[in-house]
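Colleague: Please read through the structure below; I'll follow up with questions.
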Amino acid sequence: MATGRGTPSAARNWPFLAGFVAVERRLGERAQAAGRLPAFAYEFLRFGVKQGWACLFGGLICALLIGTHLFYPADAPLSRYDFLTLAAILIQVALLALGMETWEEAKVIALYHVVGTAMEIFKTGVGSWIYPEASLLRIMGVPLFTGFMYASIGSYIARVWRLFDFRFTRHPPLMFTLPLAGAIYLNFFSHHYVADMRAMLFIATGVLFGGTVVHFKVWHVYRQMPLLLGFVLVAGFIWLAENIGTASRVWLYPNQAAGWSPVSAAKLGSWFLLMIVSYVLVTLVSRPEPCPEAVPTRPADPGAEGRDQLT
């Protein structure tokens, strides 16, 4: 929080950032001294940099999908899918070794890998989508790297939570959100055999999270937005990433077998619901904390500004 104590630097969580703290502090001081417009521009840039850092794992996975589609040799002894699996594992190991990812985030990623792979096995089994290329590292037709794609969502939420020091107003308790997440996850399977409960799940989500506000700190000031809006925005970016995945022919929907076409906008609803599952799983590790009643708009002491850097 932007209090007199200052928020602990993110370099405490990610040692890789320690070398940038002094440089970032000087940039912030210059922007603040130059006036309101430069300070706003700096805060906007800072927001983008934090989001980029939060997307690190997912961004690297997307880069792999695009890069292997464009440049990976078709006659390589190692299949493209197996290369993606090994590359994703190496990225995970490197991020931990370099201090660019915490073990708590790795635990979230491991949990998502299991949850995502289970869904992939079922969905490919009922023909929702296919993986058209051969590979050795797979389970029941599902390449093992697919779990990392789901894990990148959990990684993003866990990282953005810390980077923006999330605080909440009127956040529903876990005793309600966990059953909702379980019902959503179950519906991804059950709607193939019984009535689709998606409409009721949307309503339940609205009832539980409709009044929830997330407070996030980009620089010295806490900003706020409805948490449901945040879910919608993230779901939109996941939908864009899904278009990247299908355009690079990593997986295909039945209507894309003859030629690529954009993923239906109707999938946004599915990604929104999956966001709820993802978010609730992260709350098992990072419990929502209430926002203080009074949040100062400036550091309470001169030293706080330096300590708030890169948080």
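The values are calculated or read from the model by the stated rules, or taken from the named source; none is laboratory data. Just so it is clear, the model here is predicted, and its values are computed rather than measured. Please note: Cβ atoms are built from the backbone with ideal geometry, for glycine as well, and neighbour counts cover all protein chains shown. Areas reflect the complete protein model, heavy atoms only, side chains present, ligands, DNA and RNA absent. Shrake-Rupley method; radii C 1.70, N 1.55, O 1.52, S 1.80 Å.
Colleague: Identify, from the list 108, 114, the residue that is over 16 Å from residue 59 (Cβ atoms) and open to solvent by 30 Å² or more (accessible area, probe 1.4 Å).
Modeller: Working: 108 fails: open to solvent by 30 Å² or more (accessible area, probe 1.4 Å).
Residue meeting the stated conditions: 114.
Colleague: Looking for something without any contact (Cβ under 8 Å) to a residue 40 or more places away in the chain and open to solvent by less than 70 Å² (accessible area, probe 1.4 Å) - is there at least one such residue anywhere in segment 164-180?
Modeller: Within segment 164-180, one or more residues are without any contact (Cβ under 8 Å) to a residue 40 or more places away in the chain and open to solvent by less than 70 Å² (accessible area, probe 1.4 Å).
Colleague: I would also like to ask the following. Of these, 245, 259, which one is modelled with pLDDT under 95, small (Gly, Ala, Ser) and out of contact with any helix residue (DSSP H, G or I) (no Cβ under 9 Å at 6 or more places or on another chain)?
Modeller: Working: 245 fails: out of contact with any helix residue (DSSP H, G or I) (no Cβ under 9 Å at 6 or more places or on another chain).
It is 259.
Colleague: Right, something else. Just for segment 241-264: of the residues that are aliphatic (A, V, I, L, M) and more than 13 Å from the chain's Cα centre (by Cα), which one is farthest from residue 153 (Cα to Cα)?
Modeller: The initial filter retains those residues of segment 241-264 that are aliphatic (A, V, I, L, M), namely 241, 244, 247, 250, 252, 257-258, 263.
Within this subset, residues satisfying the condition of being more than 13 Å from the chain's Cα centre (by Cα) are 244, 247, 250, 252, 257-258, 263.
Working: 244: 15, 247: 20, 250: 18, 252: 20, 257: 26, 258: 29, 263: 18 Å.
Among residues in segment 241-264 that are aliphatic (A, V, I, L, M) and more than 13 Å from the chain's Cα centre (by Cα), the one farthest from residue 153 (Cα to Cα) is 258.
Colleague: Take residues that are of a type in the set (Val, Ile, Thr) and tell me which of the helices (runs of 4 or more DSSP H) falling wholly in segment 171-264 contain 3 or more.
Modeller: Of the helices (runs of 4 or more DSSP H) lying wholly inside segment 171-264, those with at least 3 residues that are of a type in the set (Val, Ile, Thr) span 198-209, 227-247.
Colleague: Assuming residue 128 fulfils every condition listed in (1) modelled with pLDDT of 90 or more; (2) polar (S, T, N, Q); (3) surrounded by 16 or more Cβ atoms within 10 Å (Cβ to Cβ) apart from one, which condition is it?
Modeller: (3)
Colleague: To continue, here is another question. Taking the condition of a type in the set (S, T, N, Q), open to solvent by less than 60 Å² (accessible area, probe 1.4 Å) and either at pLDDT below 90 or within 22 Å of the chain's Cα centre (by Cα) (or both), does residue 68 pass?
Modeller: On the way: of a type in the set (S, T, N, Q): yes; open to solvent by less than 60 Å² (accessible area, probe 1.4 Å): yes; either at pLDDT below 90 or within 22 Å of the chain's Cα centre (by Cα) (or both): no.
So residue 68 fails the test.
Colleague: Do we have residue 75 as of a type in the set (Asp, Glu), out of contact with any His (no Cβ under 7 Å at 6 or more places or on another chain), open to solvent by less than 20 Å² (accessible area, probe 1.4 Å) and within 28 Å of residue 133 (Cα to Cα) here? Even if it seems obvious, please write down each step before you answer.
Modeller: Details: of a type in the set (Asp, Glu): yes; out of contact with any His (no Cβ under 7 Å at 6 or more places or on another chain): yes; open to solvent by less than 20 Å² (accessible area, probe 1.4 Å): no; within 28 Å of residue 133 (Cα to Cα): yes.
Spelling it out, it is not the case that residue 75 is of a type in the set (Asp, Glu), out of contact with any His (no Cβ under 7 Å at 6 or more places or on another chain), open to solvent by less than 20 Å² (accessible area, probe 1.4 Å) and within 28 Å of residue 133 (Cα to Cα).
Colleague: Let me ask you something else. Report the residue count in segment 171-212 for those that are more than 25 Å from residue 128 (Cβ to Cβ) and acidic (Asp, Glu).
Modeller: 0
Colleague: Here's another thing I want to ask about it. Search segment 32-59 for residues that are over 20 Å from residue 94 (Cα atoms) and aliphatic (A, V, I, L, M) and pair each with any residue that is assigned to a helix (DSSP H, G or I) and open to solvent by 40 Å² or more (accessible area, probe 1.4 Å) when their beta-carbon atoms are under 8 Å apart and the residues are at least 6 apart or on different chains.
Modeller: Going by the 8 Å Cβ cut-off, the qualifying pairs are 39/32.
Colleague: Right, here's the next one. Tell me which of these residue 155 doesn't satisfy, since it passes every other one: (1) open to solvent by less than 10 Å² (accessible area, probe 1.4 Å); (2) not in a helix (DSSP H, G or I).
Modeller: Among (1) open to solvent by less than 10 Å² (accessible area, probe 1.4 Å); (2) not in a helix (DSSP H, G or I), residue 155 violates only (2).
Colleague: Would you call residue 233 of a type outside the set (Lys, Arg) and in contact (Cβ under 8 Å) with a residue 40 or more places away in the chain?
Modeller: Numbers: of a type outside the set (Lys, Arg): yes; in contact (Cβ under 8 Å) with a residue 40 or more places away in the chain: no.
In short, no.
Colleague: For segment 93-102, give me the residue count where each residue is in contact with a helix residue (DSSP H, G or I) (Cβ under 7 Å, 6 or more places away or on another chain) and open to solvent by 20 Å² or more (accessible area, probe 1.4 Å).
Modeller: 3
Colleague: Taking segment 89-110, which residues are among the small types (Gly, Ala, Ser) and assigned to a loop (DSSP other than H, G, I, E, B)?
Modeller: Initial filter on segment 89-110 (among the small types (Gly, Ala, Ser)): 94, 97, 99, 106, 110.
The answer is 99, and nothing else.
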